[in-house]
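Reviewing the structure listed below.
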Amino acid sequence: MPNRLGQETSPYLLQHKDNPVDWYPWGEEAFAKAREFDRPIFLSVGYSSCHWCHVMERESFEDDEIAGLMNDLFVNIKVDREERPDVDSIYMSAVQSMTGHGGWPMSVFLSPDGKPFYGGTYFPNEDRGGMPSFPRVLTAVAEAYRDRRGEIEESSARIVNAISSQSKARMSVEPIAHGMFHSAYRHLVPEFDWQHGGIGMQPKFPQPMMYEFLLTHSVLQQNSAAQEFVELTLAKMARGGIYDQIGGGFHRYSVDNVWLVPHFEKMLYDNGQLASLYLHAWQRTGNLFFGKIVEETLNYLDREMRHRETGAFYSATDADSEGEEGKFFVWQTQEMESVLGTELARVATVYWDATRFGNFEGQNILYMHRSDESVASELGLSVDELMSKIGDAKRLLYAARLGRVPPMTDDKVITSWNALVMRAFAEAGAAFDRDDWVSVAVRNAEFILERLVGEDGRVMRSCKADSDAPASILGFLEDYAYLADALTHLYEATFDLRWLDWAERLCDGMIELFWNPVDSVFYDTGSDQEELVIRPRDTFDNAQPSGGAAASMALLRCAEFTGNADLERIAAANLRSMRDLMERAPSAFAWWLQAAEFYANPIKQVVIVGEPGNPETEALLAEARRGFNPDRIVALMSADDDMAMSLPLFESRRMVDGKPTAYVCRNYACELPVNDVEALAAQLVGGN
């Protein structure tokens, strides 16, 4: 018989609905029971594609004896961290303060008022590898709560004070200026792996925000070494096993330092950010390989992660299938020969370095160990011939892989993660002149605004694409910030003013709900949300941009388009609260640095007046969009667009001599209007 999780919509919570554990979802019912019976709470936090979450479930939560112990001694709460990042953030900070590290599954013991007093991550079902068994932990914690209540209360008070202090603002009197970006870069350099790419040793995470900062720094501060390192890293990642060589898209991270063996889950937020990063690298370098990765990643997202009817994107796919991690993605050479035939299999196994012994538990994770030129030479082929054969092999292997049992898909639709993908499709569609990609972004925006924004403008966190059930969890700071930012990019791809209007409305709502003018910071939860043991403010840029960093970026971009100076003022104050930290610890605050560079460098506003579709208008647009230009925004208005004329950006803009005309302004000064592409190109180069 299902427990209380049977009525939830989260795929992760539903995975646990038949556990013998008497699970509660997060809510007042659980805390009321804990108070009534004076029992501690066991809080388990995870997510659907988490491998070790599944292991702990199999070993402990499905075990009748262990479940009985949990039910007798605790009130047990299960939380999907993707639905409730606020709960996850608070208690992850607590676990890190107690143990020095964190991760998922997260296991935390709370008093009935929600204060943490003991915690960890994965506990095995029996003593193993120096770790105590979960039953041993349960018994010891329950005894301590019963017999040493005073110590428990003192400990929880210290922990709450410690995590509360982490969210305090640290205002700086130093300016946000170019010197801090050079200093941040110097702090990063010792961590560069110039042999294999990436930061540090294993495990290696993609860290797209870090490489976005380095790429931006290479442009705005003329740092060629930063660009070289980004190129090295992106090439190594895309040629490694962390990239799905057959289906496209990136896995979560690599367990080694050469990007070969991944943790096989695929996350929507990773692939949205990485598609944007590879796009920017292609724009900056002209490297066609990076452009190919953009195309393959977006095709994967469109094909496998998008709900066809609504245009919403799912959250993740699991690492495991049929109970084995990575089984869906690995190959044996005999299987490859069976699918491809002898000759094509010979080409494919050499290209992807597949052997009969394998490189992962007797099977092969496909990766490109050598250059295309080296493989082509060995096989007696031209590079073009090699790539043609590899294209055939990919299609055949992908078709064969469809016959396997696929990993589970977490079909939650999360506002902030969808916004990251929306931005990627919008930017790439404009850069590649792909109307189909822009259409994907538009459809996604329409879905989010229809299903996840209420009539009062309140953004919600998540929903199910194939269900009409109303969203029930209020959106967090990141949901507002990512969405507002994505809509400014969607405007640049479509020049439809409704997206700017929505972006500004979201920025206004974000300030009203999350901005604290006394502390000059954004909090992660809104003033209308549940009061937790502390009001969370997670400032670290981890796998995704922190809500605060994303808020500053969204406000700054929106201010450039709308002329709303209040947005820029609040963004700047928010950045100053993190100024010293982002300079000293750049790897933890990369998106803060990205927003700060946008703020510190005068932005070029490029306004083109002309009819869309006119060849001369399109030529000017193509020039304005050419290359990677993190210090530029592009806008378009028709000559008779009265609505556009109401925005300061378009004020007094007219076609000159009856021809499509470009206006370039920077730092409160404007160039003369121009009609031809060469003159526009000269103005865009000037002032860098």
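The values are calculated or read from the model by the stated rules, or taken from the named source; none is laboratory data. Keep in mind that what you see is a predicted model, and the values were worked out from it rather than measured. Because the Cβ atoms are built from the backbone with ideal geometry, glycine has one as well, and the counts that use them run over all protein chains shown.
Would you confirm whether any residue within the stretch 505-518 is modelled with pLDDT under 95, assigned to a loop (DSSP other than H, G, I, E, B) and out of contact with any Asp or Glu (no Cβ under 9 Å at 6 or more places or on another chain)?
yes
Give the residue, chosen from 662, 644, that is outside any helix (DSSP H, G or I) and small (Gly, Ala, Ser).
On the way: 644 fails: outside any helix (DSSP H, G or I).
Selected residue: 662, the only one of 662, 644 that is outside any helix (DSSP H, G or I) and small (Gly, Ala, Ser).
Is it the case that the stretch 411-431 has a residue that's at negative phi, among the charged types (D, E, K, R), free of Cβ contacts under 8 Å to residues at least 12 places away in the same chain and in contact with a helix residue (DSSP H, G or I) (Cβ under 8 Å, 6 or more places away or on another chain)?
The initial filter retains those residues of the stretch 411-431 that are at negative phi, namely 411-431.
Still in the list and also among the charged types (D, E, K, R): 411-412, 423, 427.
Next, from what is left, pick out any that are free of Cβ contacts under 8 Å to residues at least 12 places away in the same chain: none.
The answer is no, given that none of the residues of the stretch 411-431 is at negative phi, among the charged types (D, E, K, R), free of Cβ contacts under 8 Å to residues at least 12 places away in the same chain and in contact with a helix residue (DSSP H, G or I) (Cβ under 8 Å, 6 or more places away or on another chain).
Quick test of your reading of the structure: residue 416 fulfils all but one of (1) part of a loop (DSSP other than H, G, I, E, B); (2) in contact with an Asp or Glu (Cβ under 6 Å, 6 or more places away or on another chain). Name the failing condition by number.
Just one mismatch for residue 416, condition (1).
For the list (1) within 30 Å of residue 253 (Cβ to Cβ); (2) in contact (Cβ under 8 Å) with a residue 40 or more places away in the chain, I need the number of the one condition that residue 58 fails.
(2)
Against the definition (polar (S, T, N, Q) and closer than 19 Å to residue 85 by Cβ), how does residue 48 come out, yes or no? Working first, answer last.
Numbers: polar (S, T, N, Q): yes; closer than 19 Å to residue 85 by Cβ: yes.
Here the answer is yes, as residue 48 does meet what is asked.
Tell me, please, whether a residue that is assigned to a strand (DSSP E or B), in contact (Cβ under 8 Å) with a residue 12 or more places away in the chain and not acidic (Asp, Glu) can be found in the stretch 288-297. Talk me through it step by step, then tell me what you get.
Going through the stretch 288-297, the residues assigned to a strand (DSSP E or B) turn out to be none.
Checked the stretch 288-297: no residue is assigned to a strand (DSSP E or B), in contact (Cβ under 8 Å) with a residue 12 or more places away in the chain and not acidic (Asp, Glu).
With the structure loaded, tell me whether residue 4 is in contact with a strand residue (DSSP E or B) (Cβ under 8 Å, 6 or more places away or on another chain), modelled with pLDDT of 95 or more and among the charged types (D, E, K, R) or whether it fails that test. Explain how you work it out, then say what you get.
Working: in contact with a strand residue (DSSP E or B) (Cβ under 8 Å, 6 or more places away or on another chain): yes; modelled with pLDDT of 95 or more: no; among the charged types (D, E, K, R): yes.
No: the conditions fail for residue 4.
Which members of the stretch 359-390 meet the condition of being more than 32 Å from the chain's Cα centre (by Cα) and closer than 26 Å to residue 325 by Cα? So that I can check it myself, show each step before the final result.
Our first condition is that a residue be more than 32 Å from the chain's Cα centre (by Cα); within the stretch 359-390, this holds for 362, 373-386, 388-389.
Selection gives 362 alone.
Restricting to the stretch 622-641, and then to whatever is in a loop (DSSP other than H, G, I, E, B) and more than 25 Å from the chain's Cα centre (by Cα), can you tell me which residue is nearest to residue 179 (Cα to Cα)?
First, pick out the residues of the stretch 622-641 that are in a loop (DSSP other than H, G, I, E, B): 626-631, 638-641.
Restricting the remaining residues to those that are more than 25 Å from the chain's Cα centre (by Cα) gives 626, 638-641.
Numbers: 626: 28, 638: 41, 639: 42, 640: 44, 641: 42 Å.
Checked the stretch 622-641; the qualifying residue nearest to residue 179 (Cα to Cα) is 626.
If you scan the stretch 239-260, which residues turn out to be more than 13 Å from residue 274 (Cβ to Cβ), in contact with a helix residue (DSSP H, G or I) (Cβ under 9 Å, 6 or more places away or on another chain) and among the small types (Gly, Ala, Ser)?
Selection gives 247, 254.
Keeping to the stretch 328-364, report how many residues are aliphatic (A, V, I, L, M), within 21 Å of residue 264 (Cβ to Cβ), buried (at least 20 other Cβ atoms within 10 Å of the Cβ) and touching a helix residue (DSSP H, G or I) at 6+ places or on another chain (Cβ under 8 Å).
Number satisfying all stated conditions: 3.
In the stretch 304-327, which residue that is among the polar types (S, T, N, Q) and not in a strand (DSSP E or B) is surrounded by the fewest Cβ atoms within 10 Å (Cβ to Cβ)? Quick ask: steps written out before the conclusion?
Keep residues of the stretch 304-327 that are among the polar types (S, T, N, Q), which gives 310, 315, 317, 321.
Among the residues that remain, those that are also not in a strand (DSSP E or B) are: 310, 315.
Numbers: 310: 18, 315: 27.
Looking at the filtered set, the residue picked out is 310.
Across the stretch 224-249, which residue is surrounded by the fewest Cβ atoms within 10 Å (Cβ to Cβ) among those that are more than 20 Å from the chain's Cα centre (by Cα) and free of Cβ contacts under 8 Å to residues at least 40 places away in the same chain?
Among them, the one singled out is 224.
Matching residues to (1) charged (D, E, K, R); (2) modelled with pLDDT of 95 or more; (3) closer than 26 Å to residue 325 by Cα:
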residue: 19; (1), (2), (3): no, yes, yes
residue: 22; (1), (2), (3): yes, yes, no
residue: 36; (1), (2), (3): yes, yes, no
residue: 55; (1), (2), (3): no, no, yes
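Does the stretch 587-595 contain at least one residue that is surrounded by fewer than 19 Cβ atoms within 10 Å (Cβ to Cβ) and either among the polar types (S, T, N, Q) or not assigned by TED's automatic domain parsing to the domain that holds residue 559 (or both)?
Step one: list which residues in the stretch 587-595 are surrounded by fewer than 19 Cβ atoms within 10 Å (Cβ to Cβ), which gives 587-588.
Subset that is either among the polar types (S, T, N, Q) or not assigned by TED's automatic domain parsing to the domain that holds residue 559 (or both): 587.
Yes, there is a match, as at least one residue in the stretch 587-595 is surrounded by fewer than 19 Cβ atoms within 10 Å (Cβ to Cβ) and either among the polar types (S, T, N, Q) or not assigned by TED's automatic domain parsing to the domain that holds residue 559 (or both).
For the stretch 126-176: of the residues being among the hydroxyl-bearing types (Ser, Thr, Tyr) and more than 33 Å from the chain's Cα centre (by Cα), which is nearest to residue 573 (Cα to Cα)? Write out each step before concluding.
Restricting attention to the stretch 126-176, the residues satisfying the condition of being among the hydroxyl-bearing types (Ser, Thr, Tyr) are 133, 139, 145, 155-156, 164-165, 167, 172.
Subsequent filtering for residues that are more than 33 Å from the chain's Cα centre (by Cα) retains 133, 139, 145, 155.
Details: 133: 48, 139: 49, 145: 44, 155: 35 Å.
Ranking the qualifying residues of the stretch 126-176, first place goes to 155.
Name the residues in the stretch 519-552 that are polar (S, T, N, Q) and either in contact with a Ser or Thr (Cβ under 7 Å, 6 or more places away or on another chain) or not in a helix (DSSP H, G or I) (or both), would you? Talk me through it step by step, then tell me what you get.
So the first thing to find is which residues in the stretch 519-552 are polar (S, T, N, Q), and the list is 520, 525, 527, 529, 539, 542, 544, 546, 552.
The answer is 520, 525, 527, 529, 539, 542, 544, 546.
Starting from residues that are of a type in the set (S, T, N, Q) and without any contact (Cβ under 8 Å) to a residue 12 or more places away in the chain, keep the ones in the stretch 632-687 and report whichever is farthest from residue 607 (Cα to Cα).
The first filter runs over the stretch 632-687 and keeps only residues of a type in the set (S, T, N, Q), leaving 638, 646, 652, 661, 667, 675, 683.
Checking the rest, the ones that are also without any contact (Cβ under 8 Å) to a residue 12 or more places away in the chain come to 646, 652.
Details: 646: 14, 652: 11 Å.
Here the answer is 646.
What tally of residues in the stretch 16-37 results from selecting those that are in a strand (DSSP E or B) and out of contact with any Asp or Glu (no Cβ under 8 Å at 6 or more places or on another chain)?
The first filter runs over the stretch 16-37 and keeps only residues in a strand (DSSP E or B), leaving 23-25.
Next cut, out of contact with any Asp or Glu (no Cβ under 8 Å at 6 or more places or on another chain) only: 23-24.
Count: 2.
Please specify each residue of the stretch 648-676 satisfying the condition of being surrounded by 17 or more Cβ atoms within 10 Å (Cβ to Cβ) and of a type outside the set (Ser, Thr, Tyr).
Once the filter is applied, which keeps residues that are surrounded by 17 or more Cβ atoms within 10 Å (Cβ to Cβ) and of a type outside the set (Ser, Thr, Tyr), the stretch 648-676 yields 649, 650, 653, 655, 660, 662, 664, 666, 671, 673, 674, 675.
Of the residues 564, 542, only one is assigned by TED's automatic domain parsing to the domain that holds residue 492, under 19 Å from residue 90 (Cβ atoms) and surrounded by fewer than 23 Cβ atoms within 10 Å (Cβ to Cβ); which?
Values: 564 fails: under 19 Å from residue 90 (Cβ atoms).
Matching residue, one of 564, 542: 542.
Say we look at the stretch 609-621 and pick out the residues that are outside any loop (DSSP other than H, G, I, E, B) and free of Cβ contacts under 8 Å to residues at least 12 places away in the same chain; which of these is nearest to residue 673 (Cα to Cα)? Steps first, please.
Residues of the stretch 609-621 outside any loop (DSSP other than H, G, I, E, B): 609, 615-621.
Among the residues that remain, those that are also free of Cβ contacts under 8 Å to residues at least 12 places away in the same chain are: 615, 618.
Numbers: 615: 18, 618: 16 Å.
Among those residues, the one meeting the criterion is 618.
Which residue is farthest from residue 72 (Cα to Cα), if the candidates are limited to the stretch 128-143 and must be at pLDDT 90 or above and not in a helix (DSSP H, G or I)? Write out each step before concluding.
Applying the first criterion (at pLDDT 90 or above) to the stretch 128-143 yields 132-143.
If we keep only those that are not in a helix (DSSP H, G or I) as well, we get 132-133.
Numbers: 132: 20, 133: 17 Å.
Result: 132.
If I filter the stretch 465-477 for residues that are surrounded by fewer than 24 Cβ atoms within 10 Å (Cβ to Cβ), of a type in the set (Ser, Thr, Tyr) and at pLDDT below 95, do I get at least one hit?
Quick first cut of the stretch 465-477, residues surrounded by fewer than 24 Cβ atoms within 10 Å (Cβ to Cβ) only: 465-474.
Still in the running and of a type in the set (Ser, Thr, Tyr): 467, 472.
Adding the requirement that they be at pLDDT below 95 leaves 467, 472.
There is at least one residue in the stretch 465-477 that is surrounded by fewer than 24 Cβ atoms within 10 Å (Cβ to Cβ), of a type in the set (Ser, Thr, Tyr) and at pLDDT below 95.
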